[in-house]
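Written below as structure tokens is the structure these notes are about.
The values are calculated or read from the model by the stated rules, or taken from the named source; none is laboratory data. As the structure is a computational prediction, the values presented were derived from the model and not from experiment. No Cβ is skipped: glycine too gets one built from the backbone with ideal geometry, and neighbour counts run over all protein chains shown.
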Amino acid sequence: MSQVLVEETWELEDLIENLVTEDDEPVDNFISEKQQRLLTETLYSSWKPSQAEESSDAPRQFLTAANVGVFFSVHAPPLVPDVFISLDVSAPADLHAKSGRSYLVWEFGKVPDVTVEIVSNRKGGELDHKLRDYARIGVKYYVVFDPMRQLSDDVLRVYEPGLASRYFLRQDYNLPNMELSLTLWQGKFENTEAEWLRWCDKDGEMLPTPDEKTEKAENRALEAEKRAELLAAELSKLGVNPKQF
């Protein structure tokens with residue numbers, strides 16, 4: 001390795017070590033924190049994105065996280081989306097290392113594919129500087145969820161790239177290249193009734209949370225048990241001992 005390359009590597013490592021990856025300041029309210037968890041947990045429990053190459057049988061990797069800094073440059077502060085998704089990457093092996101604590105674009109080799117911002121006040125810049133910043137670094141889809149209509153009457157907006165590093169507003173809530181879409185769902189999550197932002201798969205079916213998957217499995221088990229009891233009762237009427245089967 002040349003002396004120049006060694007010096008550049010050391011310089012980059014020094015810059016990474018000096019990055020402010022955590023500011024230890026509370027930034028969210030309870031409902032936003034729940035919404036972030038709903039989005040990330042549902043993806044990890046229920047989403048299976050298709051392989052980019054059909055020849056591969058291995059599950060396609062992805063990384064989703066909430067409130068983790070996305071560093072596009074060591075010389076600029078990070079963007080910190082409420083939620084992001086990045087396909088074909090996985091979490092760093094060492095999450096304690098400085099380079100593994102945040103999403104360093106040069107380490108992952110790409111920017112996130114989706115960023116989601118949850119509006120809680122009018123000071124976040126979701127429809128101005130954040131809109132420009134995510135478009136500038138090349139994020140494919142930028143989602144703004146405004147449950148309290150702080151910025152406009154539009155509760156949900158989905159943007160995708162247009163010309164000259166600018167976004168244009170989609171007329172639907174689909175994310176075609178991700179095989180995902182979004183929907184608004186009125187219901188109860190973690191004992192809180194609200195209008196929630198939920199993911200749907202490529203067929204438009206809402207992705208279940210871990211609790212919903214458990215409940216569905218339990219209901220199927222109960223239905224199977226009831227069917228077995230009815231069958232046993234019918235066999236008994238015919239003079240057949242069900243235990244023989």
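One table, with the values for the structure above:
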quantity	calculated
Qualifying positions in segment 109-153 - outside any helix (DSSP H, G or I) and free of Cβ contacts under 8 Å to residues at least 12 places away in the same chain	123, 124, 125, 128, 149, 153
Considering residues of segment 86-101 that are in contact (Cβ under 8 Å) with a residue 12 or more places away in the chain and out of contact with any Phe, Trp or Tyr (no Cβ under 6 Å at 6 or more places or on another chain) only, the residue surrounded by the most Cβ atoms within 10 Å (Cβ to Cβ)	86
Qualifying position, being in contact with a helix residue (DSSP H, G or I) (Cβ under 6 Å, 6 or more places away or on another chain) and surrounded by 15 or more Cβ atoms within 10 Å (Cβ to Cβ), among 159, 142	142
Qualifying residue in segment 56-64 (condition: of a type outside the set (S, T, N, Q), over 18 Å from residue 100 (Cα atoms) and modelled with pLDDT of 95 or more)	no
Conditions (1) touching a helix residue (DSSP H, G or I) at 6+ places or on another chain (Cβ under 9 Å); (2) surrounded by fewer than 15 Cβ atoms within 10 Å (Cβ to Cβ): number failed by residue 196	(2)
Unmet criterion (only one of (1) of a type in the set (Gly, Ala, Ser); (2) more than 20 Å from residue 118 (Cβ to Cβ); (3) touching a Phe, Trp or Tyr at 6+ places or on another chain (Cβ under 8 Å)) for residue 69	(2)
Residues that are under 23 Å from residue 124 (Cβ atoms) and part of a loop (DSSP other than H, G, I, E, B), drawn from segment 55-100	67, 68, 69, 72, 73, 76, 77, 78, 80, 81, 82
Qualifying positions in segment 154-200 - outside any strand (DSSP E or B), touching a residue at least 60 places away in the same chain (Cβ under 8 Å) and over 21 Å from residue 139 (Cβ atoms)	190
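Yes or no, residue by residue, for (1) surrounded by 11 or more Cβ atoms within 10 Å (Cβ to Cβ); (2) at pLDDT below 95; (3) out of contact with any Lys or Arg (no Cβ under 8 Å at 6 or more places or on another chain):
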{"site": "186", "(1), (2), (3)": "no, no, yes"}
{"site": "209", "(1), (2), (3)": "yes, no, yes"}
{"site": "221", "(1), (2), (3)": "no, yes, yes"}
{"site": "242", "(1), (2), (3)": "yes, yes, yes"}
